[in-house]
Amino acid sequence: MFGLSKLFSSKSVQKQPIIAALAAYRSAAFAVGIDEKFIDSISENDDKSLQITLSLPFAAQSEMPLVELHLSDALNIAVSIKSKVDIKEPAKFKGIKHIVLIASGKGGVGKSTTAVNLAGALKAEGAKVGILDADIYGPSIPMLLGLVGAEPKTKDNKQLQPFYANGIKAQSIGFLVPSDDATVWRGPMASGALSQLLNETDWGELDYLIVDMPPGTGDIQLTMSQKVPASGTVIVTTPQDLALADAQKGIAMFNKVNVPVLGLIENMSHYICSHCGEANHVFGKEGAQKLAHKHGVPVLSHIPLAIDIREYSEQGKLIANDNNAAISKTYSAAARLIASTLYYQQHHNSIEIVISED
Ligand code: ADP
């Protein structure tokens, strides 16, 4: 790999137009373009095409083919990009750079399904990812990752080893506590168990740890959110009025404990008719948008109600990682947007996030 000085002193490559074209690239995740400081090297191949290497400060590798197209168009030359994800921020908790809580005001809205697919999508975007299932009322991550019946193991009788599935490190409260016990848990007990699971699992180095929170906004959720050094939370809701009212309570709770709300995900947003292809808004329309607007947070994604999502889940497979499934693009767009929001919230205090309509 070339150092910047060597590279940019190269007479054959005109750097300014390339830097300008990268800066002009726009998308939901790259709302302020691609910064010059993400560039590791630019070189020219014998056939005059350009070879660019980038270190991305957030997980967004799947967008590089679009960036190549944009550059080829802008510069009128063939461009190929090699990228890696290199998050330079210091780890906030042990070797973990960002902890992201996935929460919901009420149960059954698809929080766990969304959490695990976001984790899979972030991994596919080039990040090191873990998922911690803290949903004491119905830990479903073991099922969603095909790990039902797996036994937790320890290393040297000290640290719990995370499970490894679909390239994601995973740990679940469901491996350790019979679910019937959870109904009698109180806030401090549950948050204690979460801290213990977080602390005593040998996560190693992670860019993102996704935490699947218990649904609701009671004592347990409040104490849990206070115990975890989270970079932010994503609130999953359906478009129904009741779910939205509970999502609103979720926003209020996270505001109270100063955990930034990165945005809402509207799950089961609409149903695409398999006959005519039309989108039907079974549970209502624009509710999440209005709620988000009221609280000054974005809607990060509209995920459709899709039979495939349920079927993959029941088989312990991640639909987000199946490139043949159209819905995988929705999850990867949401993952890139969450990753970039985490970056920009630290590096640009106020930028307008552009939300695409897909
Ligand atoms: P929660 O964690 O909020 O309780 P789950 O993720 O367990 O919800 O999802 C509840 C049920 O809804 C599961 O059967 C799941 O497969 C299904 N489900 C979740 N999201 C979708 C979706 N977008 N389309 C179809 N089924 C979904």
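What follows draws every value from the coordinates through simple rules; no lab data is involved. Quick caveat, the model's predicted, so the values are computed rather than measured. Cβ placement follows ideal geometry from the backbone for every residue including glycine, while neighbour counts extend to all protein chains displayed.
Note that the stretch 160-280 shows a convex hull volume over its alpha carbon atoms of 159 Å³ per residue. Taking a straight Cα-Cα cut-off under 23 Å and skipping sequence neighbours fewer than 8 places away in the same chain, the lysines within cross-link reach of LYS106 are LYS227, LYS249, LYS256, LYS285, LYS290, LYS294. Shown here: the stretch 244-301, whose C-alpha atoms stretch 47, 18, 15 Å along the first, second and third principal axes, sorted largest to smallest.
What is the mean projected area of the alpha carbon convex hull for the stretch 4-85, to one decimal in square nanometres?
Dividing the Cα hull surface by four gives the mean projection, 4.9 nm².
For the stretch 290-350, the alpha-carbon radius of gyration amounts to 1.39 times the rule-of-thumb value 2.2 N^0.38 Å expected for a compact globular protein.
The translational diffusion coefficient of the stretch 1-138, from Stokes-Einstein at 20 °C and 1.002 mPa s with a Kirkwood hydrodynamic radius over alpha carbon pairs, comes to 124 µm²/s.
Across all directions, the average projected area of the convex hull around the alpha carbons of the stretch 58-173 is 10.2 nm². Helix 327-347 and the long axis of the chain differ in direction by around 80°, with both axes built from C-alpha atoms.
The convex hull built on the alpha-carbon positions of the stretch 39-79 has an orientation-averaged projected area of 2.9 nm². Each listed q (0.09 Å⁻¹) maps to a log10 I(q)/I(0) for the chain from the Debye sum over equal C-alpha point scatterers, namely -0.52.
In straight-distance terms, cross-link reach from LYS123 covers every one of the lysines whose alpha-carbon lies under 16 Å from its own, apart from those fewer than eight places away in the same chain; here that gives LYS84, LYS97, LYS169, LYS317, LYS329. When GLU63, GLU89 are sorted by how many other C-beta atoms sit within 10 angstrom of their C-beta, beginning with the fewest, the order is GLU89, GLU63. Express in % the proportion of alpha carbon pairs of the stretch 224-358 at distances exceeding 17 Å. Looking at the stretch 224-358, the distances longer than 17 Å represent 63 percent of pairs.
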